[in-house]
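Quick notes on the structure that follows.
The values are calculated or read from the model by the stated rules, or taken from the named source; none is laboratory data. Worth saying up front: this structure is predicted, and the values here are computed from it rather than measured. Neighbour counts are summed over all protein chains in view; Cβ atoms, including those assigned to glycine, are modelled from backbone coordinates with ideal geometry.
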Amino acid sequence: MNLLDEELLADPKNFAINYSAMENTTVLIIEDSSEIQTLLEYNFQNAGYKVVMACDGDEGLNLAEEIHPDVIILDWMMPLMSGIEVLQKLRKRETTRETPIIMLTAKAEEHDRLTGLDRGADDYVVKPFSPAELIARTGALLRRTSGGRQQQLNCADLEMDLLTKKVKRAGQEIKLGPKEFMLLEHFLRNQERVYSRQQLLDQVWGHDVYIEDRTIDVHIRRLRKAINVTNTGDLIRTVRSMGYALEEPNREIVS
């Protein structure tokens, strides 16, 4: 059922919102309606966001793991897997546990709103909605949540900026793949702690992902090669029969 005005969907450019640019801010939109996807994609891009679209829950969960979005817009009523199910899975994962999430739904009753918020949503927007209000709410949510999260992570001369998604070592920018970025962020948040392959699989990839333990070794090798390009010391330590840890060079590991 079409829940937005026909005129709005006919030409979303007529309703484009001009806001200050949100450069380097990625929004993942999980929505099964192609019409609403078009509307949201146009307006969020116009507001300066980088937009990634998913048309169902499975695709949304996979993309959330791959791109580590700054904020997620999540439709409640989708086929195969409901938005509430997706929300619960996102909140169980290390990588998306703190990601701001706005529920987008036709369910306007108070108990529905409370259900969404109780399950982990940060905000709740009812269809039919105003693109202006949704983007304003998204910006406000990002301002609130970014204040409570550390946006700069460091270890020795290694720097990670979570807002721009950039990594530097001794001032030199380093290019990382999505999984290597997620691994490095996990290590930077838990420095000097040793993690086994299984722990890294569970906490970085998620409990619902089934891959070989040795896949971790491949990603660790790629990460180590990338961040050690400046030859200023190996930050990743391999602990035999135990796993891996990130630490400043010449510092003992505390497990």
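None of T115, T38 is modelled with pLDDT of 90 or more and either part of a loop (DSSP other than H, G, I, E, B) or among the polar types (S, T, N, Q) (or both) except T38.
A quick yes/no check of all residues on (1) over 13 Å from the mean Cα position of the chain (by Cα); (2) over 27 Å from D161 (Cβ atoms); (3) part of a helix (DSSP H, G or I); (4) modelled with pLDDT under 90:
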| residue | (1), (2), (3), (4) |
| --- | --- |
| N14 | yes, yes, yes, yes |
| E23 | yes, no, no, yes |
| G48 | yes, no, no, yes |
| E59 | yes, yes, yes, no |
| N62 | no, no, yes, no |
| E66 | no, no, yes, yes |
| I73 | no, no, no, no |
| P79 | yes, yes, no, yes |
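The criterion of at least 3 residues that are of a type in the set (S, T, N, Q) and over 20 Å from E248 (Cβ atoms) is met by the following helices (runs of 4 or more DSSP H) wholly inside the stretch 122-237: 131-148.
The residue that is modelled with the lowest pLDDT, among those in the stretch 203-225 that are β-branched (V, I, T) and surrounded by 11 or more Cβ atoms within 10 Å (Cβ to Cβ), is V209. Looking at the stretch 186-201, which of the residues that are out of contact with any Ser or Thr (no Cβ under 7 Å at 6 or more places or on another chain) and in contact (Cβ under 8 Å) with a residue 60 or more places away in the chain is surrounded by the most Cβ atoms within 10 Å (Cβ to Cβ)? The extreme case among them is H186. Within the stretch 141-166, the set of residues being modelled with pLDDT of 85 or more and either touching a Cys at 6+ places or on another chain (Cβ under 9 Å) or surrounded by fewer than 15 Cβ atoms within 10 Å (Cβ to Cβ) (or both) comprises N154, D161. For E85, the criteria (1) out of contact with any helix residue (DSSP H, G or I) (no Cβ under 6 Å at 6 or more places or on another chain); (2) within 25 Å of K165 (Cα to Cα) hold in every case but one, which is (2).
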